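Below is one structure; the comments refer to it alone.
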Amino acid sequence: GLSGKKICYIQKQIDERRARLAVLPGDTDRYAGSPGSEVSDTAGLVVDVDWRQHGRQVYFQDGPYFRLEAAAPVSVLAHYRSGQPAAVVGSHGRGSFGLVGPHPEATDSWYTDDELPVPAPTRDLAVDLVNTALAGRGQGA
């Protein structure tokens, strides 16, 4: 059978593997219903974000915000209206990452399928996220 010592060893191995997989220095949480959020449910809608200090409207459907550790080595590219981070980039190990809550990759059909007004295209935001991550320009890079 499994002794207490073996169980502790197995748990330690699981915890170490989980730590190696943890990319974001912090955690995520559902934006809908979060403190200060204008979003109350999970239906598709258009949200206002501040992307690199420029107001933009982006498709959103039950995405997260990022609860970052103090002095997290990431760059926040966008904030929701509530001030919570909506898009971040950083480095992890020998690579880099980009994480985003809303959907800057959304095409017009995403909006029309949900009977929403189609804002200005947001593909440039998706490209910015990817290019910034690939360039390793997060603070942790």
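Out of the residues in region 38-70 meeting the condition of being hydrophobic (A, V, I, L, M, F, W, C) and without any contact (Cβ under 8 Å) to a residue 60 or more places away in the chain, tell me which one is farthest from residue 105 (Cα to Cα). Among those residues, the one meeting the criterion is 70.
Restricting attention to region 82-97 and to residues that are open to solvent by 10 Å² or more (accessible area, probe 1.4 Å) and part of a strand (DSSP E or B), the residue that is nearest to residue 31 (Cα to Cα) turns out to be 85.
Would you check if residue 91 is farther than 21 Å from residue 111 by Cα and of a type in the set (Ser, Thr, Tyr)? For residue 91, the condition - farther than 21 Å from residue 111 by Cα and of a type in the set (Ser, Thr, Tyr) - is met. Is one or more of the residues making up region 121-131 surrounded by 14 or more Cβ atoms within 10 Å (Cβ to Cβ) and outside any helix (DSSP H, G or I)? Yes: one or more hits.
Among the conditions (1) modelled with pLDDT of 95 or more; (2) open to solvent by 50 Å² or more (accessible area, probe 1.4 Å); (3) among the small types (Gly, Ala, Ser); (4) closer than 19 Å to residue 134 by Cα, residue 101 misses just one, which is (2). Considered as a group, the residues in region 25-74 that are over 19 Å from residue 133 (Cβ atoms) and in contact with a helix residue (DSSP H, G or I) (Cβ under 8 Å, 6 or more places away or on another chain) include one that is most open to solvent (accessible area, probe 1.4 Å), and that residue is 46.
The values are calculated or read from the model by the stated rules, or taken from the named source; none is laboratory data. It should be emphasised that the depicted structure is a prediction, and the values quoted were computed from it without experimental measurement. Cβ: placed from backbone, ideal geometry, glycine included. Neighbour counts: every protein chain shown. Keep in mind that these areas ignore ligands, DNA and RNA; they rest on the heavy atoms of the full protein, side chains included. Shrake-Rupley method; radii C 1.70, N 1.55, O 1.52, S 1.80 Å.
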